[in-house]
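**Student:** Dropping the structure in here first, questions after.
Read the figures in this text as sums done on the coordinates, not as results from a lab. Worth saying up front: this structure is predicted, and the values here are computed from it rather than measured. FYI the Cβ positions are ideal-geometry reconstructions off the backbone, even for glycines, and counts take in every protein chain you see.
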Amino acid sequence: GAVVSQHPSWVICKSGTSVKIECRSLDFQATTMFWYRQFPKQSLMLMATSNEGSKATYEQGVEKDKFLINHASLTLSTLTVTSAHPEDSSFYICSARDWGGSEAFFGQGTRLTVV
Amino acid sequence: AQSVTQLGSHVSVSEGALVLLRCNYSSSVPPYLFWYVQYPNQGLQLLLKYTTGATLVKGINGFEAEFKKSETSFHLTKPSAHMSDAAEYFCAVSDPQGAQKLVFGQGTRLTINP
């Protein structure tokens, strides 16, 4: 099956700093990528959808200036959490889908802790 | 709009017993339906999916699910539970058109008793 690699798997940062999370499709072209946030013992909440070469579409209530998403190539999307605060601590998961595919493949997730 | 309801946030079964995880969905168009499994601190792994065709879908690790349009259900079953099945399970629905965003249920934590 298709592989999506997400990096880093965990990160600890200080309040006020920015953190970048990468999501790569290793063996297919990801025309669409999705970024989710998951709080402990809860379901996945879609943050944004990005198509290669265009601006991301953010879900209602998600601050686009705080969660910067870039999808510059068919194999790489990045999520940057700017000016992170403790309330941004969470598990972030990306998924990717190729053109015409019915299935989205998920990365391993990134545990972000802001101290 | 689409939505998913998973009945039971926590299900506990004995090893070797039948596993039944319930999922009901709401969709204004014929949906795609999915079951994913998540182990602690990991991403999601696809167990099985329904898009079109046969309504009984077989997946990995002995799991299967049946799409019942009249009941708007997509329950997940496994005849005999194994200790390694202990995990969080998510049912999801997507619209076959457009961005095909996944809408997830709340999740069901499956515990296997020895």
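**Student:** Per residue of B:33-42, count partner chain C-beta atoms within 10 Å of its C-beta, then hand back the mean as an integer.
**Tutor:** Mean inter-chain Cβ contacts per residue within 10 Å come to 3.
**Student:** Here is a follow-up. Picking from B:Ser80, B:Ser70, B:Ser12, which is most flexible by a Gaussian network model of chain B using Cα springs under 10 Å?
**Tutor:** B:Ser70
**Student:** Provide the net charge surrounding B:Ser26, with neighbours chosen by a C-beta distance below 13 Å and charges set as Lys +1, Arg +1, Asp -1, Glu -1.
**Tutor:** Residues close to B:Ser26 contribute a combined charge of -1.
**Student:** Also, quick follow-up: State which entries of A:Lys41/B:Lys68; B:Lys69/B:Lys101; B:Lys68/B:Lys101; A:Lys55/B:Lys78 exceed 31 angstrom in Cα-Cα distance in the structure shown.
**Tutor:** A:Lys55/B:Lys78
**Student:** Could you sort A:46-53, A:91-98, B:82-89 so that the peptide with the highest average Cβ count within 10 Å comes first and the rest follow in order?
**Tutor:** The densest-packed peptide leads the list: A:91-98, A:46-53, B:82-89.
**Student:** Name the residue, out of A:Phe67, A:Phe39, A:Phe105, whose mean-square fluctuation peaks in a Gaussian network model built on chain A with Cα pairs under 10 Å.
**Tutor:** Comparing A:Phe67, A:Phe39, A:Phe105 in a Gaussian network model of chain A, the most mobile one is A:Phe39.
**Student:** Take the alpha carbon atoms of the stretch B:1-35, find their center, do the same for the stretch B:52-114, and report the distance between the two centers in whole angstrom.
**Tutor:** For the stretch B:1-35 versus the stretch B:52-114, the Cα centre distance is 6 Å.
**Student:** With an 8 Å cut-off on Cα pairs and a minimum separation of 6 or more residues, tell me the relative contact order of chain B in percent.
**Tutor:** Over chain B, the number comes to 37 percent.
**Student:** So, one more: Taking the radius of gyration and the Kirkwood hydrodynamic radius from Cα positions alone, what is the Rg/Rh ratio for the protein assembly as shown, to two decimal places?
**Tutor:** 0.97
**Student:** Hey, another quick one. Averaged over its residues, how many other protein chain Cβ atoms are within 10 Å of peptide A:89-95's Cβ atoms?
**Tutor:** 2
**Student:** Here's something else I'd like to know. Once you average over the residues of A:43-49, how many Cβ atoms of partner chains fall within 10 Å of each Cβ?
**Tutor:** Per-residue shielding by partner chains comes out at 5.
**Student:** Given 4 °C and 1.567 mPa s, how large is the Stokes-Einstein diffusion coefficient of the stretch A:41-115 in µm²/s, with Rh as the Kirkwood radius over Cα pairs?
**Tutor:** Reported coefficient: 96 µm²/s.
**Student:** Next question, about the same structure. Applying the Karplus parametrisation 6.51 cos²θ - 1.76 cosθ + 1.60 with θ = phi - 60° to the phi angles of the stretch A:103-111, what ³J(HN,Hα) value in whole Hz is obtained for each residue in order, glycine and proline being reported as x?
**Tutor:** After applying 6.51 cos²θ - 1.76 cosθ + 1.60, I find 10, 9, 9, 9, x, 7, x, 10, 8 Hz.
**Student:** Given charges of +1 on the Cβ of Lys and Arg and -1 on the Cβ of Asp and Glu, with all other atoms neutral, how large is the dipole of the stretch A:9-115 about its Cα centre, in debye to the nearest 20?
**Tutor:** 260 debye
**Student:** Separation between the B:Thr72 and B:Ser28 pseudo-spin-labels, each 7 Å from Cα along Cα→Cβ, expressed in nm?
**Tutor:** Output for this residue pair reads 1.3 nm.
**Student:** If we count every other residue with Cβ under 15 angstrom of A:Val4's Cβ, Lys/Arg +1 and Asp/Glu -1, where does the sum land?
**Tutor:** Spelling it out: positives minus negatives among the neighbours equals -3.
**Student:** How much FRET efficiency would the formula 1/(1 + (r/R0)^6) give for A:Lys64 and B:Asn61, where r is the Cβ-Cβ distance and R0 is 25 Å, rounded to 0.05?
**Tutor:** 0.05
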